[in-house]
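Have a look at the structure below before the remarks.
The values are calculated or read from the model by the stated rules, or taken from the named source; none is laboratory data. Not measured: the values here are computed from a predicted model. Cβ: placed from backbone, ideal geometry, glycine included. Neighbour counts: every protein chain shown.
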C-alpha cells in the first residue's frame with residue numbers, strides 16, 4: 001500500500017464515512033487521483049462503498065467511502081499508578097469491551113503481567129494490535145522514564161509482544177489522549193487544539209492541521225513546569241508556582257489539608273470550595289487562576305483557539321470556572337479569537353481508547369510498509 005493510499009484509508013478511518021467530494025477536498029486530490037488511489041483499497045476489502053446519497057452537488061448521487069467492518073479487533077490500555085484501564089475496540093476505535101483492575105505492585109514484570117491478563121480477559125477475537133499509554137517519556141516502545149510507576153528504561157513493547165503475540169504500540173498517555181480527542185472526542189472536527197490535563201500530574205498536548213504534534217519533547221512533561229504564579233507553592237523539582245505545583249491534585253489537597261489541620265482528599269477539597277469554605281476556596285481559586293493563565297499561554301503560543309480540558313482532576317474547572325475565565329481574559333489579546341473551551345469528563349477509558357487508536361494507525365502503517 002502506497003503512502004498516498006494510506007493517507008486515503010487513514011482519512012476515511014478517522015473522519016469517515018466520507019463522500020468522494022469531501023475526501024478530495026480534505027486531501028487536496030483531484031477526482032481522478034482519488035479514484036485511482038481508492039480502487040486497490042476497495043479491491044483489497046479495506047474500504048467499502050455505502051449506498052448512494054445526495055450531497056448537494058450537481059451530478060449523480062455519490063457513494064460515500066467507509067472503512068470495511070470485520071478488520072479485526074484492537075486493545076488499548078492506560079496504566080496509572082493505581083490501576084490498569086483496558087478497552088477492546090473495532091478498527092474504528094469503537095469500544096466493544098472494557099475492564100479495570102487495581103494495581104498494587106509497580107514492579108515492571110508484575111504490571112505488564114497484569115496488563116496481559118487484563119487484555120486476555122477482554123475476550124477479543126482476531127486481535128490485531130495493542131496500544132499501551134504510560135505517563136512519562138516513551139521512546140521506541142520503551143518507557144524511558146515513568147514517574148508514577150518509578151520506571152526507568154522498561155521495554156514495554158518487547159515484553160508484551162512476547163506475551164501476547166501481536167504488535168504492541170507504546171505511547172505517552174497525553175499524546176494518546178490527544179489522538180482520542182482528535183479522532184472521536186471533544187476535538188473531533190477541529191482543525192487544531194491544545195489539550196491540557198490535570199490530575200496526579202499536569203499534561204499538555206497539541207493538534208495542528210489535524211495532526212497530533214509528536215516531537216522528542218512531546219512526552220517529557222514540559223507543560224507541567226510552565227511558571228504560572230510567582231508566589232505559588234514549590235513543586236518536587238523546586239519550581240515555584242509552576243503548573244505542577246499549582247494544578248496537580250496532590251499539591252492542591254496538600255495546601256488545603258495544611259490549612260485545615262487534617263487530611264482531605266481531592267473530592268472533599270472541591271466540595272468545600274464549592275460551599276465557599278474560605279481556605280478551600282482560596283486554594284481552588286488560585287488553581288483556577290493558574291489554569292486560566294495556562295490556557296491563555298497554550299492558545300497564544302500554539303496559535304490555536306480551541307482547548308480541550310481533561311484528566312481526573314478536571315472537576316476543578318466547574319468549581320473555579322469564574323477564576324479560570326477571568327485569568328484567561330486577562331492573558332488574551334482583545335483582538336484575538338475567543339477561546340473555545342471543551343471539557344472532557346469521559347474518564348480514563350477515553351485515554352485507553354486513544355492508545356487503541358495509536359495501535360490502529362500503526363497497523364495501517366504496517367500495511368503500507370508490508
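Every listed requirement among (1) in the same structural domain as residue 317 (by TED's automatic domain parsing); (2) over 19 Å from residue 322 (Cα atoms) is met by residue 183 save one, (1).
Here residue 91 clears all of (1) part of a loop (DSSP other than H, G, I, E, B); (2) without any contact (Cβ under 8 Å) to a residue 12 or more places away in the chain; (3) buried (at least 19 other Cβ atoms within 10 Å of the Cβ) except the condition numbered (2).
When segment 73-88 is limited to residues that are assigned to a loop (DSSP other than H, G, I, E, B) and in contact (Cβ under 8 Å) with a residue 60 or more places away in the chain, the one that is nearest to residue 126 (Cα to Cα) turns out to be 80.
Going through (1) loosely packed, with under 15 Cβ neighbours inside 10 Å; (2) under 30 Å from residue 69 (Cβ atoms) one by one, residue 110 falls short only on (2). If you go through segment 36-52 and keep only what is touching a strand residue (DSSP E or B) at 6+ places or on another chain (Cβ under 9 Å), part of a loop (DSSP other than H, G, I, E, B) and over 20 Å from residue 357 (Cβ atoms), you end up with 50, 52.
For segment 198-213, the candidate set comprises residues that are at pLDDT 90 or above and farther than 19 Å from residue 355 by Cβ; within that set, the residue that is surrounded by the fewest Cβ atoms within 10 Å (Cβ to Cβ) is 208. Taken over segment 306-317, the criterion of being farther than 19 Å from residue 212 by Cβ and either free of Cβ contacts under 8 Å to residues at least 24 places away in the same chain or in contact with a helix residue (DSSP H, G or I) (Cβ under 8 Å, 6 or more places away or on another chain) (or both) is satisfied by 312, 313, 315, 316, 317.
Is at least one residue of segment 45-58 modelled with pLDDT of 90 or more and more than 21 Å from residue 184 (Cβ to Cβ)? Talk me through it step by step, then tell me what you get.
Let us first name the residues in segment 45-58 that are modelled with pLDDT of 90 or more, namely none.
No, the conditions are met nowhere in segment 45-58.
With a cut-off of at least 3 residues that are surrounded by fewer than 19 Cβ atoms within 10 Å (Cβ to Cβ), name the strands (runs of 3 or more DSSP E) lying wholly within segment 122-162.
On the way: elements: 127-134, 137-139, 142-146, 151-155.
Those strands (runs of 3 or more DSSP E) span 151-155.
Candidates are the residues of segment 225-250 that are surrounded by fewer than 22 Cβ atoms within 10 Å (Cβ to Cβ) and assigned to a helix (DSSP H, G or I); the one that is nearest to the chain's Cα centre (by Cα) is 225.
The set of residues from segment 319-345 being out of contact with any helix residue (DSSP H, G or I) (no Cβ under 9 Å at 6 or more places or on another chain) and either touching a residue at least 24 places away in the same chain (Cβ under 8 Å) or assigned by TED's automatic domain parsing to the domain that holds residue 101 (or both) comprises 338, 340. Residues considered: 298, 290. Of these, the only one that is touching a helix residue (DSSP H, G or I) at 6+ places or on another chain (Cβ under 6 Å) and closer than 22 Å to residue 220 by Cβ is 290. For residue 33, the criteria (1) in contact with a helix residue (DSSP H, G or I) (Cβ under 9 Å, 6 or more places away or on another chain); (2) not in a helix (DSSP H, G or I) hold in every case but one, which is (2). Which one of the conditions (1) touching a strand residue (DSSP E or B) at 6+ places or on another chain (Cβ under 8 Å); (2) at pLDDT below 95; (3) surrounded by fewer than 17 Cβ atoms within 10 Å (Cβ to Cβ) does residue 101 fail to meet, given that it meets all the rest? All conditions are met except number (2). For first residues located in segment 278-305 and without any contact (Cβ under 8 Å) to a residue 12 or more places away in the chain and at positive phi, partners that are surrounded by 22 or more Cβ atoms within 10 Å (Cβ to Cβ) and outside any helix (DSSP H, G or I) and lie 6+ apart or on another chain with Cβ distances below 6 Å do not occur.
Candidates are the residues of segment 1-30 that are surrounded by 14 or more Cβ atoms within 10 Å (Cβ to Cβ) and outside any helix (DSSP H, G or I); the one that is modelled with the lowest pLDDT is 1. Residue 178 satisfies every condition listed in (1) within 21 Å of residue 105 (Cα to Cα); (2) under 12 Å from the mean Cα position of the chain (by Cα) except (1). Out of curiosity, is residue 195 crowded, with 20+ Cβ neighbours inside 10 Å, closer than 21 Å to residue 324 by Cβ and either in the same structural domain as residue 13 (by TED's automatic domain parsing) or touching a strand residue (DSSP E or B) at 6+ places or on another chain (Cβ under 7 Å) (or both)? Taking the combined requirement at face value, the residue satisfies it.
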